[in-house]
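Below is one structure, written out as structure tokens; comments come after it.
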Amino acid sequence: MELLNALVEKGLRRELPTREEALAVLATSDEELLDVVAAAGKVRRAWFGRRVKLNYLVNLKSGLCPEDCSYCSQRLGSEAGILKYTWLKPDEAAAAAAAGVAGGAKRVCLVASGRGPTDRDVDRVSRTIEAIKEQNEGVEVCACLGLLSDGQADRLRGAGADAYNHNLNTSEATYGDITTTHTYADRVETVQQAQAAGLSACSGLIAGMGESDEDLVDVVFALRELDPDSVPVNFLIPFEGTPLAKEWNLTPQRCLRILSMVRFVCPDVEVRIAGGREVHLRTMQPLALHLANSIFLGDYLTSEGQAGRADLDMIADAGFEVEGAGEVTLPVHRADAAAAAGGCGAHASAGCGSHGEAEGGGCGPCGGHAHGAGETAQPAAAGAARTDLVAVRRRGTGTDLPPNA
Ligand code: SF4
């Protein structure tokens with residue numbers, strides 16, 4: 001297929017595809033899908049080999065957000081039955097982080113609901129970062145606290161944060177349909193503040209919110225221009241009790257096309273499958289590892305993922321390997337640039353996702369997992385609601401039960 005050959009060549013040269021080429025990837029047929037995945041997989045392997053980076057989410061503060069992001073289970077007026085709690089203490093967060101690191105995570109993503117941190121919140125998160133770094137040598141820490149005010153990125157960097165996540169989520173043209181309490185420009189500015197402070201920027205999108213192919217291409221091209229080190233790709237989990245509860249638009253095939261398009265447009269960037277992996281890719285998750293080089297281990301912010309052990313088995317069974325703490329995530333040209341900027345450098349990559357990860361999970365990915373014991377198996381119709389796959393998180397931080405890592 002001429003289109004795919006051209007895209008592979010461009011990906012290997014880090015050359016931006018045209019918008020038409022990106023749209024054409026999204027428009028491919030099911031018959032062409034394996035060829036699309038194989039082509040994007042060549043680009044993924046060229047820059048990231050067969051390594052899969054594991055990231056672990058710690059939800060520092062859950063629910064009760066004054067913002068109105070429609071996709072988010074923690075939003076103002078959300079009726080989703082999620083865990084709600086205020087700030088974890090540094091030692092509680094460090095214990096949660098340690099569970100993720102013990103499970104193989106190389107990066108810990110500290111996420112808090114809310115519009116953005118106060119200076120006191122930044123102090124609190126700084127103490128948490130220090131506690132995590134003291135107890136887990138070599139771990140990368142990404143903060144995801146919402147919109148930043150002047151000087152806060154520098155303070156987080158000074159406390160030892162390696163990265164900052166803030167997602168663009170959707171196209172500039174449709175941003176106002178999703179959220180009214182802050183703007184697309186606010187989000188861009190926060191990512192740029194993080195970059196200016198020498199933090200590795202993590203910024204991604206949410207697919208499945210009713211957007212068009214053009215919107216998806218717009219946001220991915222905007223991300224390429226913003227040049228984050230990592231791009232989390234969330235697939236909307238339509239949480240009951242949120243305005244997007246009925247938006248079950250995705251199929252596993254559609255998710256694979258979206259991930260392929262992201263890989264072609266952002267070839268040398270850490271592409272992470274974030275919230276919605278289990279719910280929307282379902283049995284196709286291993287195929288998506290040929291496109292993305294990063295996933296979250298275990299649970300998400302407000303929903304449960306598949307067992308951490310299942311994540312590790314999936315990676316091994318698909319012929320991939322978990323990236324070790326001593327390995328460099330990014331291709332050398334990006335890692336060197338990040339190090340020169342004062343960012344994570346050798347560990348540069350990143351991000352978690354919040355204040356924009358898909359789920360209904362607040363500022364972060366939420367995910368979901370299969371239940372269904374005793375249910376009669378039925379083939380899923382394309383884009384059919386799969387509420388049976390969405391499980392509100394009831395373990396780990398904010399509960400008395402051990403975390404899934
Ligand atoms: S995404 Fe973040 S800012 Fe938006 S409602 Fe959720 S917690 Fe609040």
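The values are calculated or read from the model by the stated rules, or taken from the named source; none is laboratory data. Keep in mind that what you see is a predicted model, and the values were worked out from it rather than measured. Using ideal geometry, Cβ is built from the backbone for each residue, glycine included, and neighbour counts are taken over all protein chains shown.
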- Message: So, G81, is that one over 15 Å from T399 (Cβ atoms) and assigned to a loop (DSSP other than H, G, I, E, B) or not?
- Response: no
- Task: Search region 161-181 for residues being within 10 Å of the ligand (Cβ to nearest atom) and part of a loop (DSSP other than H, G, I, E, B), and hand back the single one that is farthest from N55 (Cα to Cα).
- Result: T181
- Query: Scanning region 124-156 for residues that are assigned to a loop (DSSP other than H, G, I, E, B) and within 24 Å of E323 (Cβ to Cβ), which turns out nearest to the ligand (Cβ to nearest atom)?
  - Reply: V139
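Has region 89-108 got at least one residue that is within 21 Å of D400 (Cα to Cα), part of a loop (DSSP other than H, G, I, E, B), within 15 Å of the ligand (Cβ to nearest atom) and more than 18 Å from the chain's Cα centre (by Cα)?
No: zero hits.
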- Query: Any residue at all in region 254-269 that is farther than 26 Å from L145 by Cα, among the polar types (S, T, N, Q) and modelled with pLDDT of 95 or more?
  - Reply: yes
- Query: When K42 is evaluated against the numbered criteria (1) of a type outside the set (D, E); (2) crowded, with 24+ Cβ neighbours inside 10 Å; (3) modelled with pLDDT of 95 or more; (4) farther than 20 Å from G208 by Cα, which criterion, by number, is the only one it fails?
  - Reply: (2)
- Message: So in region 360-405, with the set limited to residues that are acidic (D, E) and in a loop (DSSP other than H, G, I, E, B), which one is modelled with the lowest pLDDT?
- Response: E375
- Message: So, in region 135-181, exactly how many residues are touching a Pro at 6+ places or on another chain (Cβ under 7 Å) and on the phi > 0 side of the Ramachandran plot?
- Response: 1
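Could you list, in sequence order, the residues of region 1-24 that are in a helix (DSSP H, G or I), closer than 23 Å to V328 by Cβ and touching a residue at least 40 places away in the same chain (Cβ under 8 Å)?
Matches in region 1-24: G11, L12.
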- Message: modelled with pLDDT of 95 or more, hydroxyl-bearing (S, T, Y), surrounded by fewer than 20 Cβ atoms within 10 Å (Cβ to Cβ) and away from the ligand (no atom under 13 Å from the Cβ): is that true of S200 in this structure?
- Response: no
- Go through K42, K61, K84 for me and flag whichever is within 11 Å of the ligand (Cβ to nearest atom), farther than 16 Å from I258 by Cβ and out of contact with any Lys or Arg (no Cβ under 6 Å at 6 or more places or on another chain). K61
- Task: Could you tell me whether any residue of region 184-191 is within 25 Å of L76 (Cα to Cα), assigned to a loop (DSSP other than H, G, I, E, B), in contact with a Gly (Cβ under 9 Å, 6 or more places away or on another chain) and not hydroxyl-bearing (S, T, Y)?
- Result: no
- Task: Select from region 281-316 the residues that are surrounded by fewer than 23 Cβ atoms within 10 Å (Cβ to Cβ), of a type in the set (S, T, N, Q) and farther than 20 Å from A99 by Cα and list them in ascending order.
- Result: T283, Q285
- By residue number, the members of region 182-197 that are of a type in the set (S, T, Y) and within 12 Å of the ligand (Cβ to nearest atom) are T190
- Filter pass, F221 being touching a residue at least 12 places away in the same chain (Cβ under 8 Å), farther than 20 Å from C72 by Cα and in contact with a Pro (Cβ under 6 Å, 6 or more places away or on another chain): no
- Message: Could you check region 92-103 and list, in sequence order, the residues that are crowded, with 21+ Cβ neighbours inside 10 Å and not aliphatic (A, V, I, L, M)?
- Response: G100
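One line per residue, one yes/no per condition, for (1) of a type in the set (A, V, I, L, M); (2) under 20 Å from L60 (Cβ atoms); (3) touching a His at 6+ places or on another chain (Cβ under 6 Å):
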site	(1), (2), (3)
L110	yes, yes, no
P117	no, yes, no
R120	no, yes, no
A131	yes, yes, no
N136	no, yes, no
G146	no, yes, yes
N167	no, yes, no
- Query: Is it true that N55 is closer than 30 Å to T179 by Cα, away from the ligand (no atom under 16 Å from the Cβ), in contact (Cβ under 8 Å) with a residue 40 or more places away in the chain and outside any helix (DSSP H, G or I)?
  - Reply: yes
- Between a first residue in region 309-329 that is at negative phi and a second residue that is surrounded by 15 or more Cβ atoms within 10 Å (Cβ to Cβ) and aromatic (F, W, Y), which pairs have beta carbons less than 8 Å apart while being 6 or more apart in sequence or on different chains? T329/F48
- Message: Looking for something free of Cβ contacts under 8 Å to residues at least 40 places away in the same chain, under 17 Å from L216 (Cβ atoms) and assigned to a helix (DSSP H, G or I) - is there at least one such residue anywhere in region 25-47?
- Response: no
